[in-house]
Amino acid sequence: MPELPEVETYRRFLEEVMLHQTIAALEVKDAHVLAVEEDTLRQALVGRTVTGTSRLGKNCFLLLDSGQVLVLHFGMTGDVGAYRDEPDAPRFTRVAFHLGSGLRVAFIDPRKFGRIRLADSVSQYQSAKKLGPDALDISAAELQARLGKRKTFLKPLLLDQGITAGLGNWIVDEVLFQARLHPERAAHTLTTPDFEALHAAVQLVLSTAIQHEATYRAFPASFLIHAREWDDSATPGTNQHQYCPRHTTTKIDKTYVGGRATYTCPICQPPS
Ligand SMILES: [Zn+2]
């Protein structure tokens with residue numbers, strides 16, 4: 001599933017190929033991924049120029065010279081690509097944006113859970129979807145203000161997109177491992193240094209993932225991710241190293257927290 005690091009990688013790609021480009025035509029190959037009427041979308045896009053890109057959590061935004069915003073959400077399997085000639089269109093291209101330059105930008109989505117919609121602005125979309133600040137932008141003090149009085153488990157709070165946007169399941173496990181915090185710690189028991197460690201871990205995990213363009217096998221050996229079992233066998237990082245990267249004879253525990261598969265080191269992350 002495209003998480004924040006993948007979506008940031010897509011945003012950078014779209015910025016590179018679409019910035020200052022005019023959208024000459026909209027080609028809809030499968031309207032499943034449209035959360036707006038096709039004609040409305042076409043009227044909003046054709047003839048418009050892309051003036052910028054932005055991202056909030058797992059949502060990517062193309063800013064248009066009309067002031068409107070195109071919102072891309074990539075669902076389970078969404079991706080982006082570019083091509084010039086129809087025979088080169090990537091497989092599972094659902095929508096293509098034809099640019100004035102002749103380049104075509106593909107919204108690719110095999111399973112069609114991704115969505116394309118329009119919004120009046122990024123902040124309008126953020127409040128309509130009740131999204132918190134982006135996980136890369138949130139400060140340690142803001143995290144503490146949002147979590148410090150909550151008496152529930154840390155992990156589900158970090159997954160809550162209304163508290164901070166963009167932290168998915170494996171990312172939260174990695175963050176908690178790097179910060180040496182147990183996922184079932186009650187948030188209100190964390191000290192200010194704990195929140196500082198949590199914030200530093202969010203920055204470390206997201207910046208590492210973005211730097212490696214979300215190619216997990218390239219992550220440093222100090223990352224817990226190499227010990228995860230992946231449901232998707234095509235994903236690298238399959239379960240060859242089930243031991244803690246810090247304590248190489250300690251096995252990583254797999255449990256469920258809030259119904260989500262959760263990986264922890266029993267030594268690095270004591271329950272309280
Ligand atoms: Zn450990």
Can you name every residue in region 2-41 that is surrounded by 17 or more Cβ atoms within 10 Å (Cβ to Cβ) and among the hydroxyl-bearing types (S, T, Y)?
-> T9, Y10
Give just the number: which of (1) within 23 Å of E3 (Cα to Cα); (2) modelled with pLDDT of 90 or more does D232 not satisfy?
-> (2)
Which one of the conditions (1) of a type in the set (V, I, T); (2) outside any helix (DSSP H, G or I); (3) touching a strand residue (DSSP E or B) at 6+ places or on another chain (Cβ under 9 Å) does I163 fail to meet, given that it meets all the rest?
-> (3)
From I163, I116, residue being touching a Leu at 6+ places or on another chain (Cβ under 9 Å) and not assigned by TED's automatic domain parsing to the domain that holds A82 = I163
Kindly list, by first and then second residue, each pair from a residue in region 244-264 that is assigned to a loop (DSSP other than H, G, I, E, B) to a residue that is among the β-branched types (V, I, T), limited to pairs with Cβ atoms under 8 Å and residues at least 6 apart or on different chains.
-> C244/T250; C244/I252; C244/I267; R246/I267; H247/I267; T250/I267; I252/T264
For region 22-68, how many residues are within 23 Å of A89 (Cβ to Cβ) and touching a helix residue (DSSP H, G or I) at 6+ places or on another chain (Cβ under 9 Å)?
-> 12
Given region 1-106, what strands (runs of 3 or more DSSP E) lie entirely inside it while holding 3 or more residues that are of a type in the set (A, V, I, L, M, F, W, C) and closer than 19 Å to D120 by Cβ?
-> 59-64, 69-73
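The values are calculated or read from the model by the stated rules, or taken from the named source; none is laboratory data. Note that the structure is predicted; figures quoted are calculated from it, not measured. Note that we place each Cβ from the backbone using ideal geometry, even for glycine, and neighbour counts take in every protein chain shown.
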